[in-house]
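K.L.:
Below: one structure in structure tokens.
Each reported figure results from applying straightforward, stated rules to the coordinates on display, with no laboratory input. Since we're looking at a predicted model, the values are computed, not measured. Cβ placement follows ideal geometry from the backbone for every residue including glycine, while neighbour counts extend to all protein chains displayed.
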Amino acid sequence: MNEFGEYTLLLALFVAVYAMVVPLLGVRSGSEQLIRSGEYAALSVFALYTLASMALLNALLGHDFSIDYVYSYTNSELHWIYALTAFWAGQKGSLLFWAWMLGLFSTIVIIQNRHRNRNLMPYVVSIISSVFVLFGLLMVIASPVFERMPFLVKDGYGLNPMLQNPGMIFHPPTLYVGFVAFTVPFAFAMAALISNRLGDIWIRTTRRWTIFAWIFLTFGNIFGANWAYVELGWGGYWAWDPVENASFLPWLTMTAYLHSVMLQEKKDMLKVWNMALVAITFALTMFGTFITRSGLISSVHSFGESTVGIYFGVFLVLVSAFSIYLIVTRLPLLKSKNELDSVLSRESTFMFNNLMLLGAAFAVLWGTMFPMISELVRGQKITVGPPFFNQVMVPIGLGLLLLTGICPLISWRKASWMNTKKNFITPLILTFIASAVFFALGADEPMPLFSLTVCAFVTFTIGTEIYRGVMARSSTSQENFIIATINLFRRNKRRYGGYIVHIGVVCCFIGFTGSWYNTEVEKTVRPGEEIHIKDYTLTYLKYDSTQPKTTLSEITAWLLVEQGGEKLGYATPERNTHIMRDWRGGEQPQPTSEVAIRTTLKEDLYVIFASLNPDDTATFKVHINPLVKWLWVGAFLMGLGGLTAMWPDAREKKRFMARHAAAPSVS
């Protein structure tokens, strides 16, 4: 099976080269057969990567330690679930996983467009296949997936203890899906530029692909934040780590694109801007992979220094140059038919939204790359920490949130002052009342009070818009309130799905705001002694020591939790030690901490078992983290809103088919 896997990867590389070149030859010669042949080759690449993936999974689940990758990321005591997740835990496996997903998505694209977009498909297949070629070269030459161990070993080294967490099941795959899926919009955008077919057909064809990628990138980031929160034992969920930033950057630019592309669809504006955003977003998906694997930036998430980073770096330069060349040479064809009519218009809020999102992306990119830049210029690596990012991103984030509330209240093209004031008056009155309530409840510091006030404003704005729509529909169609609400969302999924997303964003900002009021206590106690934090009392009772595996020992502390004299239950944080055994028989202990979290919508009680001391005392760190649960609720609503906006719409499909029939005349 291992040799079979090697041969399938080698064959996939040759077939990918064929799929990259032959469709272009078909266009040049006018041969539909060559174009179809290239598409069949791309389908074959997916089949070959599927076979290679099955071979690797067989080795992982079968504990074939003759494979270097299997030895490095599994051992005989590893649960089969984590042996499965080892597929994407390391560099070699993650490359194959990425390539397999790209094969799956390319197969779907080819099937979807077997009878349409025939003028674009040769270029789409060729561009996607060029990414296949990159990954094929990596898996065959730079980082061979089925590389053998130089000698026989009895057991594997094992999976990093921090990766033995449910987050490993969800975080990397969702993040990879978000990265890989955006290859499809990029391929169609470049195909439109190459073929000079710069109408909106390519945008409408890829709209759901873009939303799909955005949803998974959103979940990928939030799953990573939750994983850090429950596993690393530091009380936070986002540390502005370079690799965290690398996954956040394309989310920012993709969000900007989803907003600005609406102006191109509705007003035929921002064509150049949207093409640039597509190219930048795709480049950033490659950039994240580049810094993870290049070794240029230190991160707990990185795979270490390797030659793989060079391949990604070269590919990133080529993609950037190719995109810039196409956009610059097609500038006359990308000229917009309409311009901004007024600063006081919904179009202007979309443009301000884009500028702020791009400003946020630049700030994050600058902070991420600054250590490398400082080392190149001064010979000294200067690290940029969370204070820089928080100082820059908090005002930008609140500005974006405020725009989210302003936008629905302003009319398209040119809004009148009278109509604008009429739309604003109800949400503003409700917002002032809510702000006074927040102040009375204890939010008396300027920044958190402002943040909560903006959250209230956006909520009332969206609520007002939905209420007006429901009442208008109810009065004209004689539907009751509930039926009118359902039909309103059903008949305009894109608009109201967007509102659900924005409500989710509000919930996330409520969660962010809670971090201003985090409280922390660290104390060393004996059995029977208490830890006091706010209105909580934690009484340390005892600890239990067990060894469920030969490579794992667990120490569990028991603390009685009371709040205001009422018994809430027990907190059981753990202090564990995993033994990593190398092929020489050496043992490397790796301590980990499993936190105990009691969560409500108001706050989290977060207990860390810091150490068990020789004198039988135990040290605990206890955090009170207000409003964190709102972050996870917000992420769920953002995903739900994205799915609503992406859901098929019969009326939209009918309009799309009508436009599609006229596509050959569009240039």
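K.L.:
Quick check on the exposure proxy: order GLU147, GLU244 from fewest to most C-beta atoms within 10 angstrom.
P.N.:
Least to most surrounded, the residues fall as GLU147, GLU244.
K.L.:
Give me the lysines in straight-line cross-link reach of LYS549: C-alpha distance below 23 Å, same-chain residues under 8 apart excluded.
P.N.:
LYS154
K.L.:
Sticking with this structure for a sec: Quick one: what are the phi-derived ³J(HN,Hα) couplings along the stretch 608-616, Karplus 6.51/-1.76/1.60 with θ = phi - 60°, whole Hz, x for glycine and proline?
P.N.:
10, 8, 6, 6, 10, 8, x, 8, 6
K.L.:
What shape does the chain have by the C-alpha gyration tensor, where a ≥ b ≥ c are the square roots of the eigenvalues, rounded means a/c under 1.5, and otherwise prolate means a/b greater than b/c and oblate the rest?
P.N.:
Because a/c hits 1.5 or more and a/b fails to exceed b/c, the chain counts as oblate.
K.L.:
Using only helices, what value at 222 nm comes out for the chain when you add -39,500 (n - 2.57) per DSSP H run of length 4 or more and divide by the total residues, to the nearest 500 deg cm²/dmol?
P.N.:
Here the helix-only value at 222 nm equals -21500 deg cm²/dmol.
K.L.:
May I pose another question? Distance in nm between label sites at ARG494 and THR383, each 7 Å beyond Cα in the beta-carbon direction?
P.N.:
Reported label-point gap for ARG494 and THR383 is 4.6 nm.
K.L.:
Loop-only chymotrypsin sites (Phe, Trp or Tyr not before Pro) in the stretch 139-204, please: DSSP not H, G, I, E or B, and at most 12 other Cβ atoms within 10 Å.
P.N.:
Of the chymotrypsin sites (Phe, Trp or Tyr not before Pro), the ones in loops of the stretch 139-204 whose Cβ has at most 12 other Cβ atoms within 10 Å are PHE151.
K.L.:
Also: Which order do the peptides 12-23, 371-382 take when ranked by the mean count of other beta-carbon atoms within 10 Å per residue, highest first?
P.N.:
The most tightly packed comes first, giving 12-23, 371-382.
K.L.:
R0 = 35 Å: FRET efficiency of VAL317 with MET54, Cβ-based, nearest 0.05?
P.N.:
0.55
K.L.:
Here's a follow-up. Please list 3J(HN,Hα) in residue order for the stretch 34-44, calculated via the Karplus relation 6.51 cos²θ - 1.76 cosθ + 1.60 where θ = phi - 60°; whole Hz, with x for glycine and proline.
P.N.:
So the Karplus estimates, Gly and Pro as x, are 5, 4, 5, 4, x, 5, 4, 5, 5, 4, 5 Hz.
K.L.:
Also, I was wondering about something else. When you count, for each residue, the other Cβ atoms within 10 Å and take the mean per peptide, how do 39-52, 513-526 rank with the highest first?
P.N.:
39-52, 513-526
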